[in-house]
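Working notes, structure below.
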Amino acid sequence: GESVGLHLPTLSVQEGDNSIINCAYSNSASDYFIWYKQESGKGPQFIIDIRSNMDKRQGQRVTVLLNKTVKHLSLQIAATQPGDSAVYFCAESTNDYKLSFGAGTTVTVRA
Amino acid sequence: KAGVTQTPRYLIKTRGQQVTLSCSPISGHRSVSWYQQTPGQGLQFLFEYFSETQRNKGNFPGRFSGRQFSNSRSEMNVSTLELGDSALYLCASSLAGGNYGYTFGSGTRLTVV
């Protein structure tokens with residue numbers, strides 16, 4: 001699959017491959033993290049979340065990994081499909097009732 | 001169940017005018033928060049309400065205000081509109097805020113001319 005070691009604004013992936021989207025968060029006190037997918041003209045759609053007492057969480061075709069030591073979050077999408085083309089955002093929260101969002105990564109799936 | 005409903009979907013206003021946007025959260029959700037999304041600044045937190053009380057506010061001028069009603073519906077108001085207020089305004093609904101997850105609506109696209 002294709003991966004991004006550092007956060008890059010765009011990612012192009014071949015249909016059927018696995019993709020990895022990275023996110024560096026800023027606040028070491030953050031204890032809750034969410035990945036969102038946003039398609040053109042729509043609001044962010046919840047993909048998966050993880051709390052700071054976990055290192056990994058799996059959903060349907062997606063896995064989120066959390067590395068608190070280096071303040072790094074990643075989203076892995078298995079067998080990427082054309083419908084996965086969108087902008088992906090990571091968000092962090094310190095339980096102060098607000099989310100702080102990353103800059104977003106635009107994923108384009110090549111047929 | 002119904003998702004988060006934001007009205008209107010699109011709005012065009014003139015500089016100096018004011019605007020009110022509405023958000024109806026998912027049934028049973030008591031926390032409503034608002035975000036501004038622009039190409040340059042990304043998603044920025046405006047404020048969050050729970051049981052009609054504002055619990056947190058972002059770094060926006062006082063022209064931006066909000067409120068929440070007893071049925072959890074929320075409105076945000078922007079007075080004296082500026083060109084830079086053109087953005088997608090998103091409402092997020094949560095059971096209680098905090099670490100309970102947030103569901104976003106489709107947003108209101110505001111254009112100031």
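The values are calculated or read from the model by the stated rules, or taken from the named source; none is laboratory data. All of these numbers come straight from a predicted model, not from anything done at the bench. Note that we place each Cβ from the backbone using ideal geometry, even for glycine, and neighbour counts take in every protein chain shown.
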Hey, any hits in the range B:60-72 for a residue that's modelled with pLDDT of 95 or more, within 10 Å of chain A (Cβ to nearest Cβ) and assigned to a strand (DSSP E or B)?
no
Qualifying position, being in contact with an Asp or Glu (Cβ under 6 Å, 6 or more places away or on another chain) and more than 29 Å from A:Thr106 (Cα to Cα), among B:Asn56, B:Asn71, B:Asn77
B:Asn56
Number of the exception - A:Ser28 against (1) part of a strand (DSSP E or B); (2) in contact with a Lys or Arg (Cβ under 8 Å, 6 or more places away or on another chain)
(1)
Taking the options A:Gln58, A:Gln76, name whichever one is more than 12 Å from the chain's Cα centre (by Cα), away from chain B (no Cβ under 13 Å) and not charged (D, E, K, R).
A:Gln58
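Does the range B:36-56 contain at least one residue that is of a type in the set (D, E, K, R), within 22 Å of A:Ile34 (Cα to Cα), assigned to a strand (DSSP E or B) and within 13 Å of another protein chain (Cβ to nearest Cβ)? Before the answer, list the steps.
Of the residues in the range B:36-56, the ones of a type in the set (D, E, K, R) are B:48, B:52, B:55.
This time we only want the ones that are within 22 Å of A:Ile34 (Cα to Cα), so: B:48, B:55.
Filter once more, keeping what is assigned to a strand (DSSP E or B): B:48, B:55.
Those still in the list that are within 13 Å of another protein chain (Cβ to nearest Cβ) too: B:48, B:55.
Checked against the condition, which is being of a type in the set (D, E, K, R), within 22 Å of A:Ile34 (Cα to Cα), assigned to a strand (DSSP E or B) and within 13 Å of another protein chain (Cβ to nearest Cβ), the range B:36-56 yields at least one hit.
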Against the definition (surrounded by 13 or more Cβ atoms within 10 Å (Cβ to Cβ) and over 22 Å from B:Asn99 (Cα atoms)), how does B:Ser22 come out, yes or no?
yes
Hey, can you tell me all the residues within the range B:24-33 that are out of contact with any Phe, Trp or Tyr (no Cβ under 6 Å at 6 or more places or on another chain) and within 11 Å of chain A (Cβ to nearest Cβ)?
B:Ser33
